[in-house]
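Right, one structure below, let's go through it.
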Amino acid sequence: MKCKICKEKAIIKLKRHNIKLCKEHFNDFFLKQVDRAIKEYKMFKKEDKIMVCVSGGKDSLVLWYVLKKLGYNSVGMYINLGISEYSENSKKKVIEFAKRFDLQYKIVDLVELGYPIPKVAKESRRAECSVCGIIKRYYFNKVAFDEGFDVVATGHNLDDEASRLLGNILHWNEEYLKKQLPVLPAEGNMLKKKVKPLIRLTEKEIASYAFLNRIDYIIDECPLSEGATSLVYKDALNLIEENIVGTKQFFYFQYVKKLLKEIKQSQSEKRYLKKCKICGMESFHDICSFCRLVKDEKQ
Ligand code: FES
Ligand code: ZN
Ligand code: ZN
């Protein structure tokens with residue numbers, strides 16, 4: 001197996017691009033894919049202050065690493081979710097990684113704040129993953145606003161987005177479907193722009209990149225996400241992809257194209273933001289989802 005570019009020994013075969021690459025050219029390919037996503041969807045510019053949401057997993061650490069390599073100004077933001085050993089180990093990975101590559105980071109500690117996920121989920125009688133989503137989103141928005149970041153970047157990849165799209169279509173979640181874009185614009189003054197620079201790369205490509213560049217990440221998945229339906233959709237898409245190469249990419253990006261066209265055409269009705277009556281963050285409700293969650297818990 002030879003690299004398509006230099007004819008040296010190839011180490012990876014990228015079926016959906018129909019190429020084989022050596023280590024050096026795979027690294028180049030990877031950076032180009034990220035750079036292309038950033039520019040194509042106008043994610044951010046060199047002068048922007050980027051907050052990267054890091055969990056200690058491969059996607060977010062690779063994203064952080066690549067943004068530095070591409071010369072962007074980014075700061076990591078880690079939330080200690082208070083999920084036993086998993087949180088302890090992931091925090092360790094983030095700190096070690098930041099030290100090794102001389103990167104700046106911030107930590108929000110939900111245990112110190114009194115909102116560890118298992119506790120809030122139990123007291124509000126809601127599913128852990130949904131509680132986790134609300135709380136994470138809240139603090140990502142809050143820290144980005146409080147610290148004056150221009151944009152919030154997450155490590156979502158093609159598999160994440162394509163499987164989410166499949167799940168949302170299967171359940172016709174129209175509200176969510178409207179948000180399945182690589183870039184979500186800022187809303188109001190407090191909710192910053194959200195971007196997904198790894199959107200053109202698959203989970204396997206990201207894992208290969210992490211391995212080749214010796215990026216040490218937490219391999220364990222969050223113990224609370226076991227049995228998550230998203231994994232079923234990922235498996236289903238992988239099965240299709242194996243038989244019909246390129247389906248995943250076509251499925252997601254054709255949808256994005258269609259959605260962006262619709263947004264442009266529609267005289268998009270403006271949604272007006274209010275300020276949460278309890279904490280003052282901007283929200284589409286009188287009381288934001290976070291305060292409703294935490295308030296319910298205390299009742
Ligand atoms: Fe949020 Fe596991 S990471 S519930
Ligand atoms: Zn090569
Ligand atoms: Zn609030």
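The values are calculated or read from the model by the stated rules, or taken from the named source; none is laboratory data. Given the structure is predicted, the values throughout are model-derived calculations rather than measurements. Here the Cβ positions follow ideal geometry from the backbone for every residue, glycine too, while neighbour counts run over all protein chains shown. Just so you know, the surface numbers come from the protein's heavy atoms only, side chains and all, with ligands and any DNA or RNA stripped out. Shrake-Rupley method; radii C 1.70, N 1.55, O 1.52, S 1.80 Å.
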Assuming R0 = 51 Å, what is the FRET efficiency of Lys257 and Glu112, from their Cβ-Cβ distance, to the nearest 0.05? 0.70
In the chain the accessible area split gives carbon plus sulfur, as whole percent at 1.4 Å, a share of 52
How are the Cα pair distances of the chain distributed, in percent, across 10 Å bins from 0? 6, 25, 36, 25, 7, 1, 0
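Can you compute the charge dipole magnitude of the chain about its Cα centre, using +1 on each Lys and Arg Cβ and -1 on each Asp and Glu Cβ, nothing else charged? Give it in debye, rounded to the nearest 20. Please report the intermediate quantities before stating the final value.
Values: 56 positive and 40 negative charges, 205 e Å.
The calculated dipole for the chain is roughly 980 debye.
With the other protein chains left in place, how much accessible area per residue, in square angstrom, belongs to the chain at a 1.4 angstrom probe? Walk me through the numbers on the way to the answer.
Details: 16670 Å² over 299 residues.
About 56 Å² of surface per residue is accessible.
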Flagged links, alpha-carbon separation over 24 Å, of Lys274/Lys295; Lys193/Lys275; Lys142/Lys193; Lys194/Lys275; Lys45/Lys69; Lys69/Lys257: Lys69/Lys257
Of Gln33, Gln104, Gln265, the one that fluctuates the most in a GNM where the chain has Cα springs shorter than 10 Å: Gln265
Would you list which aspartates and glutamates come within 16 Å of Lys15, measuring only between C-alpha atoms, while excluding same-chain residues fewer than 8 positions from it? Asp159, Glu203, Glu205, Glu241, Glu242
Kindly provide the trypsin sites (Lys or Arg not before Pro) of segment 200-299 that DSSP labels as loop, not H, G, I, E or B, and whose Cβ sees at most 15 other Cβ atoms within 10 Å. Arg214, Lys270, Arg271, Lys277
Kindly report, to the nearest 10 Å², the accessible surface of Phe284 as traced by a 1.4 Å probe over protein heavy atoms only. 50
If Asp160, Asp150 are ordered by their accessible area, calculated over protein heavy atoms with a 1.4 Å probe, which sequence runs from highest to lowest? Asp150, Asp160
Estimate the FRET efficiency between Leu31 and Lys204 by the formula 1/(1 + (r/R0)^6), using the beta-carbon distance for r and 22 Å for R0, to the nearest 0.05. 0.80
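Quick check: with the 1.4 Å probe, what order do His25, His17, His171, His285 take by accessible area, largest first?
Working: His25 30, His17 55, His171 110, His285 90 Å².
Ranked from most to least accessible, the order is His171, His285, His17, His25.
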Quick check: residue separation of Ile287 and Trp172 times 0.36 nm, minus the Cα distance between them. What number comes out in nm? 38.7 nm
Of Gly56, Tyr252, Ile134, which is farthest on the positive side of the dipole of segment 35-271, counting Cα position, with +1 on Lys and Arg Cβ, -1 on Asp and Glu Cβ, and the Cα centre as origin? Tyr252
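Considering only the chain, what is the antiparallel percent among its DSSP beta bridges, to the nearest 5? Let's see the in-between values first.
Working: 9 of 25 bridges.
The antiparallel proportion sits near 35 percent.
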Sorted by chain and number, the residues with a modelled amide H under 5 Å from that of Val151, at a separation of 5 or more or across chains, are Lys49, Met51
CD proxy at 222 nm, helix term only [per DSSP H run n ≥ 4: -39500 (n - 2.57); per residue of the chain; nearest 500]: -15500 deg cm²/dmol
